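Notes follow the structure.
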Amino acid sequence: MDTITHTLADGRTVTATEPVPGLRVYPVDPNEGSYDYTWSVGHHSGFVLAACDAQDEAEMAAREIAGFTDWTRSAEELRGDTSLDRHVLRNRINHRTYGVFLSGAELPEPSQSSFTDEDVLRVAKDHEGDDTDGLQVIYDMAITDPFMHFDTATFNKAFDQVMRIVHPEHYAA
């Protein structure tokens, strides 16, 4: 894979690869940020999407989200596209790759006391057709807005609704 010069949002340049059109993979400055994540997946505009432990993990994360949208569009176009569900993007990165989603500023503030049918369907869709067990669903919900902010009773109610969709075979008809 060819290397290119990539300009970060703050104007600094790094050497990067482009495993997916519009997405760049590059090392993180060792003097900044977390020592756990040494590679980034970023948009060609310079904004970072995910942090990863290694180059191959960052390239895998870029390939995982390649079909999410046309990443060759400008950052302004992507921000203005109301059809893009940033929760789905975050969940793909956090749950299907070794990366960690970093664009939290793009997400709405979490609701502390309630959830919607859309919230339940969003989590269920992430596990649709796989053999995910209940513990994995609990883990995924525990790090996903708005579920991560609930008390136990509210969380359990939401979890039950998700599991009825993901694994209906466990519930009597």
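Please treat every number below as a calculation from the coordinates, not as lab data. Bear in mind the structure is a predicted one, so any value in this text is a computation, not a measurement. For neighbour counting, all protein chains shown are included, and Cβ atoms are generated from backbone atoms with ideal geometry for every residue, glycine included.
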(Q) Testing the spin-label approximation: label points 7 Å from Cα along Cα→Cβ at Glu169 and Lys125. State their distance in nm. (A) 2.4
**Q.** Kirkwood-based Rg to Rh ratio, region 117-170, C-alpha trace
**A.** 0.92
Q: Take every Cα pair under 8 Å in the chain that's 6+ residues apart, average their separations, divide by the length, and report that relative contact order as a whole percent.
A: 15
Q.
So if I take the alpha carbon set of the chain, get Rg, then get Rh from the Kirkwood formula, what is the Rg over Rh ratio?
A. 1.02
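Would you mind calculating the relative contact order of region 117-170 from Cα pairs under 8 angstrom and at least 6 residues apart, reporting the percent as a whole number?
On the way: 26 pairs, mean separation 27.1, N = 54.
Reported relative contact order: 50 percent.
Using a Förster distance of 35 Å, how high is the FRET efficiency between Ala66 and Arg12, based on the Cβ-Cβ distance and rounded to 0.05? Mind dumping the intermediate values first?
Values: r = 25 Å, r/R0 = 0.73.
My answer for the efficiency is 0.85.
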**Q.** Residues Thr116 and Ser74, FRET efficiency given R0 of 30 Å [Cβ-Cβ distance, rounded to 0.05]
**A.** 0.45
Q: Give me the distance between the Cα centres of region 43-106 and region 126-168, rounded to whole Å.
A: 22
Q: Treat every Asp and Glu Cβ in the chain as -1 and every Lys and Arg Cβ as +1, leave all other atoms uncharged, and give the resulting dipole magnitude about the Cα centre to the nearest 20 debye.
A: 200
